[in-house]
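Visitor: I have a structure here, written as structure tokens, and I will follow up with some questions on it.
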Amino acid sequence: MQSKAYFDLCTRKLAVLATEVELRGSVNILDVHVHCEDFYARFLNLLFGYSLTNMNATQQNSAGIDLIDKTGKTVLQVSSTAAFDKVQTALSHAKLTGLKGYRFKFVSISKDGSDLRKKVFNNPHGLNFSPVDDIIDLKSITAILLHSAPSKLQQIYSFLHEELPLSEVEPPSETNIAALINILCAEDLSPQAQSGSPIPFSIDDKLVFNNLVVAAELVETYAVYQPRIDAIYASFDAAGRNRSTSVLSAFHSTYLKLKKDGEADDDLFFSIIEAVMDAAKKSANYVAISEEELELCIRILAVDAFMKCRIFKRPPKVTAHASA
């Protein structure tokens, strides 16, 4: 799941850059094109492991070659077009004299290079060049990203995030609520499968104190699951310190954020359930289940949080069994 999030963000950033290059180029604003040479030098170094440098850093407007990797013997032409003449001119340029044995690559930063891969080019300087393999465009870059390891995608995303800052949704993070739901949805949650009784707790006092009428039926229905939730929390915590505490804290934070003066307490109870459902679905470690199953899990957890006094006010006289 996390890999897909990074892949989506990486391709979105590259697509936005390509669109900006093409749009600005159409009105002869070429400042982005110049910066793209340095950007693609660093990006391709990261993607392919090259050691490219910008030729224009030492030779202004070095036509025919934009980027060179002397260690890996590779030269690249970066272009906002994907025209046959552009590739042929670059391959034939006098700057390539003496670079026999180098590999030539053509990078189209905004146009589709599919047609160019079918062409036959004159290669007067004897460079290693195969149009099928050495003409790079966004489509071929996207295919490489799609099959990259998660760690590589995260590394590339970090680079793109720094180089191409955009207003965007950050990659989803893993949450303990989603992890707990993944455990809970594998349980037998039929009422008859529950063993024992809920921990003694003056539910009625708290329901009355918080003016809960509609939600009272919900609490009564799902209170029977509290012993099972306590057992799951115990095993859950064995995998990480304070994980159950963080789940209960998330319910408490959601309650505080949604609580408004004058809002009906019943509406607030169901708003908490909806908010936690949305948060769970956005988690990187959430394993998709049906909406009904997810709502059942969240309702059970919400009632447990209610009985542990993590949501809604504590009545004046709550038994010691209800933990803060």
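Visitor: Okay, which of segment 76-91 sit inside 17 Å, backbone N to the point 7 Å along the Cα-Cβ direction of F48?
Guide: So the set is 76-82, 87-88, 90-91.
Visitor: Tell me, what is a quarter of the convex hull surface for the C-alpha atoms of segment 2-163, in nm² with one decimal? Kindly include the intermediate steps, with their values, before the conclusion.
Guide: Numbers: hull surface 37.2 nm².
Directional mean of the projected Cα hull area for segment 2-163 stands at 9.3 nm².
Bear in mind these aren't lab numbers, they're just calculated from the coordinates by the rules spelled out. All values reported here derive from a predicted model rather than from experimental measurement. Cβ atoms come from the backbone with ideal geometry, glycine included; neighbour counts cover every protein chain shown.
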